[in-house]
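The values are calculated or read from the model by the stated rules, or taken from the named source; none is laboratory data. Not measured: the values here are computed from a predicted model. Heads up, the Cβs are rebuilt from the backbone with ideal geometry, glycines too, and the neighbour counts pull from every protein chain shown. Side chains are part of the model used for accessible areas, which takes the heavy atoms of the whole protein and leaves out ligands, DNA and RNA. Shrake-Rupley method; radii C 1.70, N 1.55, O 1.52, S 1.80 Å.
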Amino acid sequence: MSVEILGYAAICFSACASIPQLYQIIKTKTVRDLNPYFFVLDFFACLMYIIYGILIKNYIVMGSSIMPFVNSFIIIILWIYYRKQTIVE
């Protein structure tokens, strides 16, 4: 049971890891200093962990990757949106 608690704690920490970056982008509406390659690689890594977790039926592995996957996806979309605004201005 204690091992599962560690797994669920990992889910919470990984879910919160990119929230400060996401908050900063929304607050400042700028992505000038953001490296999009990190978030693209993180997006695909999380996607692979989700698929891997499903295939081996390990829902802790799968669950710990869902929120970072969503966060990276949102950051990529915001990067595309705000990058285009910066170019136009």
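Assuming a viscosity of 1.567 mPa s and a temperature of 4 °C, what translational diffusion coefficient in µm² per second does Stokes-Einstein assign to the stretch 1-80, Rh being the Kirkwood radius over Cα pairs? Each step should come with its number before you reach the end.
Numbers: Rh = 13.2 Å.
For the chosen part, D equals 98 µm²/s.
Please list the helices of the chain that count as membrane-span-like by this rule: a mean Kyte-Doolittle hydropathy of at least 1.6 together with Cα atoms stretching 24 Å or more along the helix axis, each helix being a complete DSSP H run.
Details: long enough: 36-55 (29 Å, 1.85); 59-88 (44 Å, 1.22).
Helices passing the filter in the chain: 36-55.
Using C-alpha pairs below 8 Å separated by at least 6 residues, the relative contact order for the stretch 29-89 is 44 percent. Remark: the chain carries 73 Å² of accessible area per residue (probe radius 1.4 Å; ligands, DNA and RNA excluded).
Could you give the size of the charge dipole of the chain about its Cα centre, using +1 on the Cβ of each K and R and -1 on the Cβ of each D and E, expressed in debye and rounded to the nearest 20?
Numbers: 6 positive and 4 negative charges, 50 e Å.
Computed charge dipole of the chain: roughly 240 debye.
Three semi-axes describe the equivalent ellipsoid of the stretch 36-89; taken as square roots of 5 times the Cα gyration tensor eigenvalues and ordered largest first, they are 29, 8, 6 Å. To put it simply, the accessible area of the stretch 18-89 at a 1.4 Å probe is 70 percent carbon and sulfur.
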